[in-house]
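Okay, so here's the structure we're looking at.
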Amino acid sequence: MNPFARLRLSDWIFAVLMLALAAVCVFLGSWQMHRLAEKEALVAAVDARLTAAPIPVPPKESWANLPVEDLVYQPVELTGAYRYTQTMTVFTSLSDPKGQHAGPGYWVMTPFALQDGGTVFVNRGFVPQQYQETAALGDLHGEDPGIVTIAGLFRMPEAAGMMTPEPDMSNRIEWVRDPARLAKMVDPALAPIAPFYVDLPAGPAGELPQAGETVVSFPNNHFGYALTWYGFAIVAVVMLGFWLTRQAKRPASGP
């Protein structure tokens with residue numbers, strides 16, 4: 001007599017559910033492998049952009065439908081004028097600096113009015129927290145340079161989370177580098193504001209703001225996640241096999 005004929009309907013239902021679970025784990029593992037391929041392609045694209053020559057900053061006419069994800073870390077060139085009196089500061093804590101200053105401090109975000117219209121926030125760099133007021137008042141820039149051409153890295157806005165505080169209007173302090181939020185605290189005449197910002201490259205050693213602190217990092221744990229899901233699928237199938245064998249060998253009079 002076939003021992004598996006002893007299996008009850010509930011046993012087969014359990015087996016089907018376990019196989020379905022294994023199939024879901026295989027699907028999730030395959031999805032992680034797909035995400036791995038996407039992440040590797042993104043890293044390769046960014047590596048190529050970082051060493052490319054600067055391109056003109058996208059004009060204001062393109063901002064409404066600009067695919068910002070396709071330009072992240074692309075060197076761009078801008079011509080226009082800083083609006084130092086509209087400078088905002090964004091709280092941060094610099095733990096792995098490229099320059100000499102680190103710890104709690106602020107990013108100095110200054111509007112840059114483009115010669116062809118529109119305004120781009122430029123992250124001029126990091127200052128320790130004791131320089132926040134000086135930075136917010138625009139006292140770190142020296143003489144107004146008028147129309148200048150600068151170059152930096154194209155950056156996507158930082159997303160505010162549910163726990164992100166509201167901006168401190170009186171002290172010109174924000175918590176995320178989001179041009180849309182920063183735009184609410186500057187002169188409306190600067191509109192439109194670009195849906196991206198630009199990081200400046202490093203300047204002379206010891207200069208404040210301390211630029212060149214862009215971190216190019218893409219967490220990539222997809223391969224490990226894929227192995228985990230595939231491992232769950234294998235374990236589910238193996239355990240199911242052992243369980244079915246045990247159930248099939250139980251005495252016919254068993255429960």
Failed condition for Asp47, given (1) in contact with a Pro (Cβ under 7 Å, 6 or more places away or on another chain); (2) assigned to a helix (DSSP H, G or I): (1)
What is the one condition in (1) closer than 17 Å to Leu190 by Cα; (2) touching a helix residue (DSSP H, G or I) at 6+ places or on another chain (Cβ under 9 Å) that Asn123 does not satisfy? (2)
Starting from region 144-166, keep only residues that are closer than 20 Å to Tyr84 by Cβ and buried (at least 17 other Cβ atoms within 10 Å of the Cβ), then list their pairs with residues that are acidic (Asp, Glu) and modelled with pLDDT of 95 or more whose Cβ atoms are within a distance under 8 Å, requiring at least 6 positions of separation or different chains. Ile150/Glu77; Gly152/Asp199
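Would you check if Ser30 is surrounded by fewer than 17 Cβ atoms within 10 Å (Cβ to Cβ), among the hydroxyl-bearing types (Ser, Thr, Tyr) and in contact with a strand residue (DSSP E or B) (Cβ under 9 Å, 6 or more places away or on another chain)? Steps first, please.
On the way: surrounded by fewer than 17 Cβ atoms within 10 Å (Cβ to Cβ): yes; among the hydroxyl-bearing types (Ser, Thr, Tyr): yes; in contact with a strand residue (DSSP E or B) (Cβ under 9 Å, 6 or more places away or on another chain): no.
In short, no.
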Hey, Ala180 hits all of (1) more than 17 Å from the chain's Cα centre (by Cα); (2) surrounded by fewer than 17 Cβ atoms within 10 Å (Cβ to Cβ) but one; which does it fall short on? (1)
Just checking, does region 96-118 include any residue being farther than 22 Å from Ala194 by Cα, hydrophobic (A, V, I, L, M, F, W, C) and more than 27 Å from the chain's Cα centre (by Cα)? no
Top-ranked residue in region 50-83 [being part of a helix (DSSP H, G or I) and not acidic (Asp, Glu); ranked as farthest from Ile147 (Cα to Cα)]: Asn65
Give the number of residues within region 56-75 that are surrounded by fewer than 20 Cβ atoms within 10 Å (Cβ to Cβ) and farther than 24 Å from Glu38 by Cβ. 7
Of the conditions (1) surrounded by 12 or more Cβ atoms within 10 Å (Cβ to Cβ); (2) not assigned by TED's automatic domain parsing to the domain that holds Val122, the single one that Asp187 does not satisfy is (2)
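So that you can scan it fast, the table gives a plain yes or no per residue for (1) surrounded by 11 or more Cβ atoms within 10 Å (Cβ to Cβ); (2) assigned by TED's automatic domain parsing to the domain that holds Arg124:
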| position | (1), (2) |
| --- | --- |
| Pro195 | yes, yes |
| Pro204 | no, no |
| Leu208 | yes, no |
| Gly212 | yes, no |
| Val215 | no, no |
| Leu227 | yes, no |
| Val235 | yes, no |
| Val238 | yes, no |
| Leu244 | yes, no |
Here are some residues: Arg177, Arg172, Arg155, Arg246. Which one is among the basic types (Lys, Arg) and over 28 Å from Val120 (Cα atoms)? Arg246
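The values are calculated or read from the model by the stated rules, or taken from the named source; none is laboratory data. None of the values given here were measured: they were computed from a predicted structure. A quick note on method: Cβ atoms are made from the backbone with ideal geometry, for glycine too, and the neighbour counts reach across all protein chains shown.
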